[in-house]
Amino acid sequence: MLKGLRQVASALAMPSRSAVLARGLATKMPEMPTCLHVGQSIETTRSFSPEDVQAFAELSGDFNPLHLDADFAAKTRFGRPIVHGVLINGLLSGIMGAQLPGAGSIFLSQTLSFSAPLFVGEPVTVRATVDKFHPTKPVVELKTISLDKDGQQLMAGTAVVMIRPELYAASMDAAKSK
């Protein structure tokens, strides 16, 4: 019976990064940074099509016509459909889980302030910057911002993220040696 349980456990186990890439299961596995420092940042830019916004509405259940109906949106102060703010925020989740702080990171909390809309089809740039480390726990605070194509702020906030203990230790050691 123990042998059978081990086989089941082995089949359910998370494959290694190299195994996933070798089997073609993912084109981008999360990076494994070895050290973080205050001021370190990463950003990504993309646009959301009407199809992306529709897919998000279907996944989230947010069918507000402001996002989906051009005729309805034309009668609002925005004049045209806008992207769900939480969809934009999803890009930050992608950065944090795949690049900075990277694999193994867990969102603990986040504050967001929305200051302007992102219109469907327009590019948005999101950036996360290491702001500070917790003095005794593997936790980092990141400043987050989203900008439109003209550099106007759309969204800003702070994210508190738990990081891998070894990443925290290496980051703290590097900060002490400066």
Roughly how many nanometres apart are two label points built 7 Å out from the Cα toward the Cβ at residue 134 and residue 178? 2.1
What relative contact order, as a whole-number percentage, does the stretch 40-176 give when Cα pairs under 8 Å and 6 or more residues apart are counted? 25
If each residue of separation counts as 0.36 nm, what is the full-extension length gain between residue 116 and residue 72 once their alpha-carbon separation is subtracted? 14.0 nm
Could you check the spin-label model distance between residue 109 and residue 158? Points 7 Å from the Cα along Cα→Cβ, value in nm. 0.8
Residues in the stretch 127-151 reached by a label modelled at residue 80 [backbone nitrogen below 18 Å; 7 Å Cα→Cβ]: 147-151
If you take every residue apart from residue 123 with its C-beta less than 14 Å away from the C-beta of residue 123, what net charge results, scoring Lys and Arg +1 and Asp and Glu -1? -2
The whole-number value in µm²/s of the Stokes-Einstein translational diffusion coefficient for the stretch 40-176, with Rh from the Kirkwood sum over alpha carbon pairs at 37 °C and 0.692 mPa s, is 205
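Computed from the coordinates by the stated procedures, all read-outs in this text should not be read as laboratory data. Every value quoted in this text rests on a predicted model; they were computed, and no experiment measured them. So basically every Cβ, Gly included, is an ideal-geometry build from the backbone, and we count neighbours across all protein chains shown.
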